[in-house]
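The values are calculated or read from the model by the stated rules, or taken from the named source; none is laboratory data. Remember, predicted model here, so these are calculated numbers, not experimental data. FYI the Cβ positions are ideal-geometry reconstructions off the backbone, even for glycines, and counts take in every protein chain you see. Ligands, DNA and RNA are stripped out before the accessible areas are found, and what is left, the full protein with its side chains, is counted by its heavy atoms. Shrake-Rupley method; radii C 1.70, N 1.55, O 1.52, S 1.80 Å.
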There are 2 protein chains.
Amino acid sequence: MKLNNNDVPLNVIRRLPRYYRYLGRFAQEGVLRISSEEFAERMRTSASQIRQDLNCFGGFGRQGYGYNVRDLREEIARIIGIDETNTVIIIGAGNIGRALADNISFEKRGCTITGIFDRKTDLWGTVIAGHKVRSDVELPQFCEAQCPKIAALCIPEESARSVCETLIALGVTNFWNFSHFDINVHFDNVNVENVHLGDSLLTLVYKVNRPQE
Amino acid sequence: MKLNNNDVPLNVIRRLPRYYRYLGRFAQEGVLRISSEEFAERMRTSASQIRQDLNCFGGFGRQGYGYNVRDLREEIARIIGIDETNTVIIIGAGNIGRALADNISFEKRGCTITGIFDRKTDLWGTVIAGHKVRSDVELPQFCEAQCPKIAALCIPEESARSVCETLIALGVTNFWNFSHFDINVHFDNVNVENVHLGDSLLTLVYKVNRPQE
């Protein structure tokens with residue numbers, strides 16, 4: 001396996017989690033090995049895309065055998081980094097922050113929530129997914145002590161910039177960004193995964209009005 | 001403008017909402033026209049990408065002038081279909097359904113929520129974003145009367161399949177899918193925009209463990 005994956009296109013990376021999910025299903029169904037053709041049929045994609053994508057990391061399939069489901073799943077977990085532990089803080093305990101904390105299996109994805117923060121005094125001390133919501137004033141002290149790796153930004157665009165400044169100064173440079181603030185337009189050397197729900201809705205609106213053939 | 005946009009790559013479509021957001025900002029700032037170079041600098045993308053993307057729909061820029069901010073914004077709104085009205089029902093009044101109803105400006109995106117449904121009896125009648133949560137048993141009658149265009153699926157994977165079957169039979173074929181159920185693997189002739197939050201987190205985990213140069 002190539003360890004330097006900087007040259008792997010982002011589109012390929014984005015497909016890895018889906019391969020991982022499907023391999024988990026195959027494993028649950030008791031499937032031990034699978035050809036790229038069967039794999040592709042289950043996912044409604046093409047066998048050549050699966051082969052090409054996995055070849056970015058060294059292949060893993062064997063001619064005439066296909067893929068070993070359990071091994072390939074473990075390899076993908078390792079490539080993504082699910083086997084490591086990434087500490088996550090959630091900034092903003094509103095609907096979206098709460099939805100993430102309550103609905104996403106962070107642990108299954110190599111992540112652990114270590115803190116939830118909000119600026120609203122009436123939320124302080126309330127418990128979300130087992131975590132007491134803390135004041136954002138505690139952020140510096142918390143980050144210095146705990147060095148969280150990832151911040152999930154669940155706050156409005158207006159407050160996102162100053163929160164990012166604070167967090168980056170504290171060494172938090174990985175962002176799961178639910179705000180409309182474009183972090184990587186304003187800051188360098190950050191890793192950002194944007195979830196722009198509004199943009200996603202607009203993409204659907206486009207598809208609705210111009211259905212694919 | 002080409003009216004048949006079926007040949008426009010999905011990656012281009014996905015960038016349109018961001019152009020639209022930025023043009024809204026430029027307009028707010030009082031910018032009347034902008035060159036593709038300035039546009040690109042503000043978005044940290046390349047001028048040639050902006051030009052190429054917009055050329056898919058006919059261009060809109062003028063040599064030596066650049067883009068008229070208001071006109072281009074209106075054109076993009078029309079291309080996406082924001083000027084039309086798409087009725088949306090939300091299936092699932094848990095954290096995610098609630099986060100969408102409360103946090104997303106549907107109206108600004110050419111959409112109106114017309115109903116929120118859940119199977120949990122204790123949620124029936126509670127009010128979210130001005131809408132009384134209805135029983136999922138009402139779905140057939142509601143869809144026949146109101147013909148909603150889009151369903152936002154905010155339910156677990158286990159129940160997604162049967163809900164999709166029901167909705168598709170009722171003529172609802174456009175899905176904003178927050179479940180892990182792959183609708184377009186199982187059904188034909190549907191428009192699906194997936195928001196796989198778990199996959200998005202995994203993509204970030206990958207980036208964290210293998211930072212880009």
At what distance in nm do the modelled label points of B:K120 and B:R14 sit from each other, each positioned 7 Å from its Cα along Cα→Cβ? 3.2 nm
Within 10 Å of the Cβ of an average residue in B:94-100, the count of other chain Cβ atoms is 6
Straight-line reach from B:K120: which lysines fall under 28 Å, measuring Cα to Cα and dropping same-chain residues less than 8 apart? A:K108, A:K132, B:K132, B:K149
Whole-Å distance, taken between Cα centres, linking the range B:127-183 and the range B:1-66: 34 Å
Whole-Hz couplings from phi, Karplus 6.51/-1.76/1.60, listed for the range B:157-173; x for Gly and Pro: 3, 4, 9, 5, 4, 5, 5, 4, 4, 4, 5, 5, 4, 8, x, 8, 10
List B:K120, B:K149, B:K108, ordered by accessible area with a 1.4 Å probe, largest first: B:K108, B:K120, B:K149
Quickly estimate the mean residue ellipticity at 222 nm for chain A, helices only: each DSSP H run with n ≥ 4 gives -39500 (n - 2.57), and the total goes over all residues, rounded to 500. -13500 deg cm²/dmol
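Between chains B and A, what is the buried accessible area summed over both chains (1.4 Å probe, protein heavy atoms, nearest 100 Å²)?
Working: alone 13130 and 13140 Å², together 19880 Å².
Looking at B and A, the buried total is near 6400 Å².
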How much accessible area does A:Y67 have with a 1.4 Å probe, in Å² rounded to the nearest 10? 10 Å²
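Order B:L10, B:L197 by their accessible area, 1.4 angstrom probe, all chains in place, largest first. Kindly include the intermediate steps, with their values, before the conclusion.
On the way: B:L10 75, B:L197 20 Å².
Order by accessible area, largest first: B:L10, B:L197.
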Mean projected area (nm²) from the convex hull of Cα positions in the protein assembly as shown is 22.0 nm²
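Counting only protein heavy atoms and a 1.4 Å probe, tell me what percentage of the range A:66-213's accessible area is made up of carbon and sulfur.
Percent of accessible area from carbon and sulfur atoms in the range A:66-213: 45.
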Here the whole-number average of other chain Cβ atoms within 10 Å per Cβ of B:80-93 is 2
Relative contact order of the range B:1-140, defined on C-alpha pairs under 8 angstrom at six or more residues apart (%): 18 percent
Mind giving me the FRET efficiency for A:E29 and B:R44? R0 is 35 Å, r the Cβ-Cβ distance, nearest 0.05 is fine. 0.20
Net length gained if the chain between A:V185 and A:T85 were fully extended (0.36 nm per residue, minus Cα distance): 33.2 nm
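Using a 1.4 angstrom probe, figure out how much accessible area the range A:165-213 has per residue, in square angstrom, rounded to the nearest whole. Can you show the working numbers first?
On the way: 1660 Å² over 49 residues.
Per-residue accessible area for the range A:165-213 comes out at 34 Å².
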Selection from B:G94, A:V133, B:L23, by position along the positive dipole direction of the protein assembly as shown (Cβ): B:L23
